[in-house]
Each structure stands twice: as C-alpha cells, then as structure tokens.
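The values are calculated or read from the model by the stated rules, or taken from the named source; none is laboratory data. Only a predicted model underlies this, so the values are computations on that prediction, with no experimental measurement involved. Heads up, the Cβs are rebuilt from the backbone with ideal geometry, glycines too, and the neighbour counts pull from every protein chain shown.
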C-alpha cells in the first residue's frame, strides 16, 4: 500500500441549470456538489452514503470524468483527469470502471454478453478475437457465471446475474478503481448479500478498490474501510466506517445510522424528519432546518469539516455528538 | 414469427402489396407484353382484350405494359429519395444528438426551416428551376425527406444516449463513433425502418404528382403520374385510362402504409421490452 492516494478529489463544485421559471428569466441553479474533497487509497474501499439528491451520483460521474465539474480537481494516481487529452483519458479509463444501479438499464438489450463484457477491451482496441474470448470467459468465471453465458442476451438472466455481468464488464480491464453507484439497491435482499460478498472477494483477490455509493449505510459498512456521509452536496462526516457506525458525530450521520435496521438493538426512533425546507439563511448549516439539535449558531454560520474524537474522523458540525 | 403475429393483418397485406410492387418493377426489366412506349395509332383507345389486358391509350400504347414499366420509376424514385433522406438525415440527426449545444440547435433550426415549406411546393420549385426530369424530382423529394429523418434520428438517439448502457460505453472508454455504431444505430433501427417505409409511400405519391404536372418523368419514359395526365384529355371517352394508374398508385401507397403500420406494431420496443 503506497502513501499516495489512488483517487484524489479536491474541492469539486457542480451546479445544474434548472428550467427557466418564465421566459427570459435567468436559469436558476441547483448545487449538486458544493465543495467535496476526499482521498481514496488503494486497497481501502471508500463508501459514500447520503439520501437521494445529496449529489452522490453526480460525484460518481465526475470522479470518472463522465461529466465535468464547475471547479475542482480529480486525480487518479496523481494525474489530473480534466487536464488529459481525449486519447489519454480514453486510455486512462481502463484503470477506472463503473457499475450502475439498474442492471436492466446498464446492459444494451441488443448485444450479447460477450460483446457487453468485452466493451472496455474493444475501447482499448488491441486484443485479438481469441484473446478477447479468453478474457471474457475469465471475467465471467471470476464473477461466478459460466463461460458459456457469453453467447446469451441480457434478458436471459435474472437481476442478480445481470449485475454480475455488469461487474464482469467492469473487471475485464483489471482496473484499479471501480466506482459502484448503488450497485445492489435494485436487487433482492438475498442477492444483495451475494453481490456484496462477490465485491469484497474481488477487492481481496483482484486488487480492486471500490468507491461505493449508496443510500444504505449497511451496504457501505459491509465493504468499506472509510465512509463519508453526504448531505446537500457536502460531506458532513468522514471517518473509519466502524467508528462512524458505532457513534456518529454528525446528526445527519446519526439519522442515517438510525435508519439502518439492526438485530443487536431496538430501533431507535429517528428525529422527526420533515421534507427538508431550504436553508434558513444561505450562510447557515444546510442540515440545520432538519436537525433536532440545531442551535442559533447553526442558522448563522456553516460549520467546516473539523477533527472530532481522533482516529482521523472529521465532521461538519458545531456540536458533534461524540 | 411472433413479430408477424403482432403486426397482424395489416403487416401481411402491406407486405404482400409491397412485394407485388417490387416484383412487378423487377419484371419490367425483362418482360412487358409490348414495348411500353410503342405507339400504334390504328389500335388507339382499344377496349381491354386478351391482346391488350387493360386496353390501349389515345396513342395506341399498351396500358398493361405502361403500368408494369411505370412501377419501375415509382420504385426508383422511392428507393433513391428515401436513401438520400436516410443517409443525410441519419448523419445530421446523429451529429445533433452527440454534439448537443449550438450544433444541435442549428441543425434542428435548419430542419424547421425546410419543414416550413410544403414538400411538394419546394419540389415544384426545384424542378421548375433546374428543369423537369426524374433525377431532379428524386433530388427534390429526397431533400424533403432529410429533415424528417434527421428529427426522428435525433429524438430516438437522444433517448438511447440517456440510457445507462450508453453511459457505460462511455465509461468503458468508447468513442462517439463506436457508440453510434454499436449502441445507437441498432436500437433506433426499428423506428427508422418504419419511417422509411412511410416516406417511401409519400415519395411514390410525390413522384406521381410531379409527373402529372409534367415536372417528373418525361415522355417516352412511362410513369403512373404521366399516364394520369395523358388520360385527362380523354377522360369522358375512356375514364378507365385514369382509373388504372390511379388504382396502381393507391394500392402501392396503401400497401406501404400498411407495411409501415404493421412494422411499427411488430418492432415497437415498448412491446418487446424485457420479454
């Protein structure tokens, strides 16, 4: 394990233009990412949790240079992705792959599994036909499918098997980083566990580091050493998963942990959550309107990520819970 | 096949009529009962008989031979005009879908501009400027097809590009050309086939109209539209001379439209999704 991060995300900002409210009015902007920074180290998978609309998927797309940020940097192995030429970026994509949430939408219904799984190889464009076939077979077997499945079409598989096909596609170039955006939330619970176990096996055996994005803290806890909680385009807490899970420092992380069903404790009643109203003032903490612990200071000043409770944990809260 | 079952009766009837049209056009290259342009004044305006199945026209030309040879022009115009529309329309539509922004806007605005002129009127304008004839008629009809196909291609390509598998292909490092060839085209092909069939029917109709006005096929080239215009002079003596080519045009257009509708039902991805 080297000390340099595998993936480094620095101060990403991205706002989307909403439709004009009336003709000739300026487009209103909606911030999807409001200054997100973190580092992922090789061999230590990183999890990002947050509710819908917190900017998780935007982050996934920008981390893979599929979308460009308004400002900020993404470095993979020290090389800034947005400074590469188109050709260099395409070559770089062999080191970073993507797994989607919906295994029905992410596989082209008109392609055979062989062509689907081999697509990242086709992009590199140097494998011979026999080599391609061998790599596809190897990749399919690594995810627990049969080499003979290569001749089938996606609709011949179940949801869990389709997600295995998607994982096989992501693995075929032997990437260092795989970004998985809600990889199991479309699967049945029993199949979810299989897929997660597969991913942690791959982390150990194939040397893949995952950037796992989910709304479900339990999924992230299964795989990731470090976890960040996101709310409204900002990281509110970041730290070792076990510590964060056991004693969340930020009230929003607490809300996420409490929303995760567990056998070893009775369900805690979460603070009543109203649909988040817009922040009281632009200057305040974005979570304050929903926070059960909010104090006057929270509405006036936004807290920055600061060290809490040692162990490299940081939270953006004036009154951390630990 | 299940596709045919879903298209049902209209697909069968449409396919039969379209196939008949094609076979008649192919037949005209090797055989017609008489040379279609051979004038035989002594036998002019003959009633249908064994020698002349559909009789003869005011110059004694065999109507059956002209009908068979006229199918050739209709097919030629349809194929080439739709071909022009597909080649330029698909290319423009794909460029618009992939490039977005100013490029997309200007291509679509240009299509709207062409749309603003009635297709037949601009075809009349083109043929009267550059001279009447089949070639100019084909170019004029083909040009009117381009914006229709371009708009359809852009709309359907955009819906494919919004799917996750298109994003996955980009994440895999594939370029726009590879994504267009491997993902977009195969998935928009059904919609293009249906539209091309319907444009084919419209092209046949447009060629007949232009030839009727004297701007399309020129004598002695046989054409259904020209037969209609010739028949006009003797309409009261021999109305059948207008009925035969009129029926040929109507049957061809009907057949192609039915085929298009049937194909739409058989190929509709919403009906076959996740089957």
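Before moving on, here are some points about what is shown:
- Residue satisfying all of: in the stretch A:117-150; within 14 Å of chain B (Cβ to nearest Cβ) and under 23 Å from residue A:197 (Cβ atoms); surrounded by the fewest Cβ atoms within 10 Å (Cβ to Cβ) among these: A:136
- Some residue of the stretch B:130-146 being under 29 Å from residue A:17 (Cα atoms) and either away from chain A (no Cβ under 14 Å) or surrounded by fewer than 16 Cβ atoms within 10 Å (Cβ to Cβ) (or both): no
- Flag for residue B:150 being more than 15 Å from the chain's Cα centre (by Cα), more than 14 Å from chain A (Cβ to nearest Cβ), crowded, with 21+ Cβ neighbours inside 10 Å and at pLDDT 90 or above: yes
- For the stretch A:42-79, the set of residues classified as assigned to a loop (DSSP other than H, G, I, E, B), within 14 Å of chain B (Cβ to nearest Cβ) and at negative phi consists of A:64, A:66, A:67, A:68, listed by residue number.
- Residue match in the stretch A:1-13 (condition: touching a strand residue (DSSP E or B) at 6+ places or on another chain (Cβ under 7 Å), surrounded by fewer than 15 Cβ atoms within 10 Å (Cβ to Cβ), in contact (Cβ under 8 Å) with a residue 40 or more places away in the chain and over 23 Å from residue A:248 (Cα atoms)): yes
- For the residues B:157, B:166, the requirement of being out of contact with any strand residue (DSSP E or B) (no Cβ under 7 Å at 6 or more places or on another chain) and touching a residue at least 60 places away in the same chain (Cβ under 8 Å) singles out B:157.
- Among the residues listed as B:50, B:13, B:59, B:21, the single one being within 24 Å of the chain's Cα centre (by Cα) and surrounded by fewer than 17 Cβ atoms within 10 Å (Cβ to Cβ): B:13
- Residues that are over 26 Å from residue A:75 (Cβ atoms) and within 14 Å of chain B (Cβ to nearest Cβ) are absent from the stretch A:198-215.
- Taking (1) without any contact (Cβ under 8 Å) to a residue 60 or more places away in the chain; (2) within 11 Å of another protein chain (Cβ to nearest Cβ); (3) more than 16 Å from the chain's Cα centre (by Cα); (4) assigned to a loop (DSSP other than H, G, I, E, B) in turn, residue A:21 satisfies each apart from (2).
- Candidate set from the stretch B:164-175 (those that are modelled with pLDDT of 90 or more and within 34 Å of the chain's Cα centre (by Cα)); member that is nearest to the other protein chains (Cβ to nearest Cβ): B:165
- The single residue among B:199, B:232 that is modelled with pLDDT of 90 or more and either more than 13 Å from every other protein chain (Cβ to nearest Cβ) or under 23 Å from residue B:63 (Cβ atoms) (or both) turns out to be B:199.
- Helices (runs of 4 or more DSSP H) completely within the stretch A:115-203 that count 3 or more residues being within 24 Å of residue A:86 (Cα to Cα): A:119-124, A:159-171
- Note on the stretch A:97-115: residues that are at pLDDT 90 or above, crowded, with 19+ Cβ neighbours inside 10 Å and more than 8 Å from chain B (Cβ to nearest Cβ) total 2.
- Selection status of residue A:93, in a helix (DSSP H, G or I), facing another protein chain (nearest Cβ under 8 Å) and touching a residue at least 12 places away in the same chain (Cβ under 8 Å): yes
- Evaluated against (1) surrounded by fewer than 18 Cβ atoms within 10 Å (Cβ to Cβ); (2) in contact with a helix residue (DSSP H, G or I) (Cβ under 9 Å, 6 or more places away or on another chain); (3) at pLDDT 90 or above, residue A:71 falls short on exactly one condition, (2).
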